[in-house]
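Please read the structure below before turning to the comments.
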Amino acid sequence: MREVLTSGKPAIGAWCVIPGSFAAEAVAAAGFDWVCIDAQHGLIGYQEMLGMLQAVAVTGVPSLVRVPWNDPGWIMKALDAGAAGVIVPMVNSPEEAEAAVGACRYPPQGFRSWGPTRASLHAASYSPDTANRSVICAVMVETVPALDRLDEIVSVPGVDAVFIGPSDFALSMGFAPRSDEPEHRRRLEGVPAVCRKHGVVPGIACGSADLLARWRGAGYTMLAAPSDLVMLRRAATEMLDAARR
């Protein structure tokens, strides 16, 4: 996963909110660079997450888990289950970023508890050191206060990526979730330069192919495609529209 994100090339990820291993496997096999299993807003609990991680692994595509909150218990369970990293929502300060990093790393870099139940199954030499080097900690910046402190957040050692949630950021600015206000766009366009200054990968959720192209052009390299549910509904709607003409 680290190689995918740090290559400097745009890495396009699938976003899974539909529970079920087969759906996750099918999406991963489509050719995405990475997959995120969304345990925050997706209809996905721990057992579904585990099965989805196993299914995605068959395709060779690295997988992340968006945990429900900045909760060390959830972060550690996702990593122990074999996720290549986590996306941690609503990180609003360097202190909260430090907490997320700490849960991802074994001592002395963090406080992750030892127990890589599935994570160590297929690793030739799994150790605290190799895990600390390979696991990705991506923190979500989704509010105005968080973006105001972006330079501090990306300065936290162990933050590998910043992932923008445009809808929550719009809400924080007083706009509708899917608004395209000039000020909203302007502020998000400044994120990649701040991230690159600190060697942190800039990522963002993209609700459409057009938005993916826009944010890629703005310098984001960790690009999440619309969710599996969104793509399914769009494909179904397009087919029905064509059939009923």
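Key figures for this structure:
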quantity: Lys, Arg +1 and Asp, Glu -1 on Cβ, resulting dipole of the chain about Cα centre, debye, nearest 20; calculated: 460
quantity: From the coordinates shown, semi-axes √(5λ) of the Cα gyration tensor in Å corresponds to which of (i) 35, 21, 15; (ii) 27, 24, 15; (iii) 23, 22, 17; calculated: (ii)
quantity: Kirkwood Rh in Å, taken over the range 155-206 so that all alpha-carbon pairs contribute; calculated: 11.7
quantity: Distance between modelled label sites at S155 and D129, nm, 7 Å Cα→Cβ extension; calculated: 3.1
quantity: The range 1-67: equivalent-ellipsoid semi-axes (sqrt of 5 x gyration tensor eigenvalues, Cα, Å); calculated: 20, 12, 9
quantity: Estimated distance in nm for a label pair at M239 and Y46, the labels positioned 7 Å out from Cα along Cα-to-Cβ; calculated: 3.7
quantity: Convex hull projection area averaged over all views, the range 1-135, Cα basis, nm²; calculated: 7.9
quantity: Nitroxide proxy distance, nm - points 7 Å out along Cα→Cβ at D148 and A213; calculated: 3.6
quantity: Distant-in-sequence amide H partners of I136 (H built 1.01 Å from N, under 5 Å); calculated: G85, V86
quantity: Test item: Cα-centred dipole of the range 42-184, Lys/Arg +1 and Asp/Glu -1 on Cβ, debye; calculated: 720
quantity: Ranking of L188, L232, L64 by count of other Cβ atoms within 10 Å, fewest first; calculated: L232, L188, L64
quantity: Residues in the range 126-141 reached by a label modelled at H198 [backbone nitrogen below 12 Å; 7 Å Cα→Cβ]; calculated: 139-141
quantity: Charge sum, other residues only, whose C-beta stays under 12 Å from R105's C-beta, Lys/Arg counted +1 and Asp/Glu -1; calculated: -1
quantity: Ranking of S127, S155, S63 by count of other Cβ atoms within 10 Å, fewest first; calculated: S127, S155, S63
quantity: Residue-averaged 222 nm ellipticity for the chain, from DSSP H runs of 4+ at -39500 (n - 2.57), nearest 500; calculated: -12500 deg cm²/dmol
quantity: Alpha-carbon spread of the range 76-140, three principal axes, descending order, Å; calculated: 37, 21, 16
quantity: At q = 0.12, 0.19 Å⁻¹, base-10 log of I(q)/I(0) for the range 120-209 (Debye sum, equal scatterers on each alpha carbon); calculated: -0.44, -0.85
quantity: For the range 69-185, fraction of C-alpha pairs farther apart than 23 Å, in %; calculated: 34
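The numbers here are math on the coordinates, done by the rules we state, and not lab data. Since the model is a prediction, treat every value here as computed from it, not as a measurement. Because the Cβ atoms are built from the backbone with ideal geometry, glycine has one as well, and the counts that use them run over all protein chains shown.
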